[in-house]
Amino acid sequence: MALRDFFWPKTGWKRAYLYVKHRLQRLPDPPHRIARGIFAGVFTSFTPFFGLHFFVAAFISFILRGNVIAALLATFFGNPLTFPFIGLSSLKLGQYLLGLMGRDVPVAVVGQQDVGVGATLWRNFLAMFNDQDANWGFLWDFYNTFFLPYLVGGILPGLIAGIICYYITVPVIDLYQKRRKGRLRQKFEEIRAQKAAKAAEGAAVQAAEKAEQARLNWQDAQEVAMEAAEKAVEARQEAEKKTTETPG
């Protein structure tokens with residue numbers, strides 16, 4: 001089950017690819033810095049420092065002043081689907097450049113491949129504290145036969161793949177960032193327009209309330225004026241009545 005998940009994740013390689021792509025595109029750095037980080041990660045995938053690719057990619061990205069997060073994500077360029085091609089091409093090219101093509105693999109390497117480099121190092125370390133003898137022959141043969149050819153042979157294809165990814169990444173991320181900024185700007189304008197419309201609606205409601213209050217005040221004033229006019233008429237009638245009743 002673990003081996004199957006290693007070669008084919010539960011979420012699938014497509015989803016893993018889309019996740020890495022999404023994270024790369026949303027990095028806040030300028031496109032050229034992200035592209036430098038991607039170059040570092042892709043180049044590191046062609047090196048034999050298995051288990052240390054994150055650290056190597058981060059170091060190269062730091063030297064190039066690239067985005068370290070992009071470098072770490074770009075190390076996924078080396079995965080179970082691509083490692084057979086990366087390893088074979090790097091190893092064969094290194095053997096060709098070092099003149100090792102056609103040479104027999106030392107018996108020490110063939111006989112101890114099931115032990116592994118890590119186990120041999122650990123065994124030699126423990127030999128300092130027990131009565132066993134340290135054997136560095138396997139490590140030296142492994143270095144000359146596999147590690148060094150892989151390291152030398154991976155430089156050229158690593159540079160080519162890294163440069164190609166760099167020049168592909170710069171315009172792609174630049175276009176994505178511009179579109180994203182445009183979408184964010186449009187969304188900001190929409191939010192601002194909504195706020196303005198809401199403020200205008202509130203102002204209109206307040207104006208309508210004030211107008212209604214003014215109308216009510218005008219009606220009250222009219223009623224008061226009518227009452228005053230009626231009283232004035234009554235007072236005038238009373239005055240005329242008194243004048244008529246008074247003898248001349």
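Data overview
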{"quantity": "Sequence of Glu189, Glu230 when ordered by accessible area, the most exposed leading, probe 1.4 angstrom", "calculated": "Glu230, Glu189"}
{"quantity": "Largest to smallest accessible area among Tyr167, Tyr143 [probe 1.4 Å]", "calculated": "Tyr167, Tyr143"}
{"quantity": "By average C-beta atoms within 10 angstrom, highest first, the peptides 175-181, 223-229, 37-43", "calculated": "37-43, 175-181, 223-229"}
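The values are calculated or read from the model by the stated rules, or taken from the named source; none is laboratory data. Please read all numbers here as calculations on a predicted model, not as lab measurements. Note that each Cβ is placed from the backbone with ideal geometry, even for glycine, and that neighbours are counted across all protein chains shown. Accessible surface areas use protein heavy atoms only, side chains included; no ligands, DNA or RNA. Shrake-Rupley method; radii C 1.70, N 1.55, O 1.52, S 1.80 Å.
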